[in-house]
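Worksheet: one structure, shown below.
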Amino acid sequence: MAGAGAVRLRMGGVVAAAFLLLAIAGCTLSDAPILEPGGPIARAERDMLFRALAIMLVVVVPVFVLAFWFTWRYRASRAEGRYEPNWMSRTVDAVTWIVPALIVIALGVHLWINTHAYDPYKPLAVAGEPLEVQVVAQDWKWLFIYPAEGVASVNELAFPAGAPLSLKITSDTVMNSFFIPALGGQIYAMAGMQTQLNLIADAPGRFTGRNMQYSGDGFADQQFAAVAMSSEDFEAWVAAARRSPETLDAATYAALAKPSIAHPVGYYASFEPQLFERIIERYRGGLAAESAH
């Protein structure tokens with residue numbers, strides 16, 4: 001019976017290992033934008049994460065090695081061990097304190113330098129005039145306004161690949177968090193305030209953007225398509241948006257701002273002047289009164 005139980009235990013371990021390998025394979029084969037970035041910002045953030053992991057492995061690997069070594073060396077069947085309940089080593093104490101301290105210092109320096117190097121507000125050091133897009137978080141959708149092109153879209157951010165993209169972000173509802181994992185840079189969208197994000201895509205492609213801050217019933221479906229295109233395709237996209245029968249006037253915007261879940265992609269041939277600035281100013285009065293208190 002004991003032998004059968006051992007066999008069942010081993011078989012259970014084999015099955016568990018098989019499921020674990022399948023899960024790892026699924027993660028590897030599926031879309032993993034953080035591990036396979038589509039732009040230099042996301043790539044730098046991935047490398048920063050890997051370097052931080054390598055620094056932490058300095059203490060993690062010895063811990064696992066020593067855990068197995070201690071288990072083997074001080075096993076119950078080993079009779080030649082010495083009993084020293086008051087044993088102490090200044091060398092061991094020094095190592096257990098100094099090494100973690102050095103790791104924390106190395107991590108702090110590494111993250112400090114790279115966090116400032118990739119400040120989301122800092123313009124990208126690449127050639128070309130950036131495309132400016134104004135982003136408004138709503139319940140539960142994203143509005144993209146193109147000031148120079150005179151068009152707007154809902155739940156679709158189109159931009160030329162290889163050219164800098166300058167995003168100005170606010171919210172017309174509760175706080176949201178704007179994130180395109182494949183391109184990098186997660187930043188908050190807050191009512192009455194404007195945040196900024198500078199991104200670039202290496203090549204044409206279609207990426208998923210989302211809200212990372214829980215915001216209510218439609219949070220799970222608050223996603224949008226970020227589409228990097230060739231310059232010609234982007235010009236065609238703008239021309240198609242200008243042919244849209246919809247215009248984003250005050251009444252249309254009021255209807256759009258109402259809560260909706262899984263809102264379809266939409267395009268607007270024009271929008272009210274200074275729409276983005278008006279959305280921000282709508283909340284400035286309340287913020288000023290709150291600050292006064």
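The values are calculated or read from the model by the stated rules, or taken from the named source; none is laboratory data. Since the model is a prediction, treat every value here as computed from it, not as a measurement. No Cβ is skipped: glycine too gets one built from the backbone with ideal geometry, and neighbour counts run over all protein chains shown.
Some points to look at:
- A158 vs. criteria buried (at least 20 other Cβ atoms within 10 Å of the Cβ), part of a strand (DSSP E or B) and in the same structural domain as A262 (by TED's automatic domain parsing): yes
- Subset of region 184-213 (residues that are outside any strand (DSSP E or B) and more than 14 Å from the chain's Cα centre (by Cα)): M190, A191, G192, M193, Q194, I200, A201, D202, A203, P204
- Only listed residue being of a type outside the set (G, A, S), free of Cβ contacts under 8 Å to residues at least 12 places away in the same chain and within 30 Å of L197 (Cα to Cα), chosen from V109, V65: V109
- Where L183 falls short, out of the listed (1) touching a residue at least 60 places away in the same chain (Cβ under 8 Å); (2) more than 18 Å from G218 (Cβ to Cβ); (3) surrounded by fewer than 20 Cβ atoms within 10 Å (Cβ to Cβ): (3)
- The requirement of being out of contact with any helix residue (DSSP H, G or I) (no Cβ under 6 Å at 6 or more places or on another chain), outside any strand (DSSP E or B) and more than 18 Å from R43 (Cα to Cα) is satisfied by A148.
- Residue in region 229-246 that is surrounded by 14 or more Cβ atoms within 10 Å (Cβ to Cβ) and part of a loop (DSSP other than H, G, I, E, B) present: yes
- Filtered by the rule that a residue be in a helix (DSSP H, G or I) and among the small types (G, A, S), region 31-64 gives A42, A44, A52, A54.
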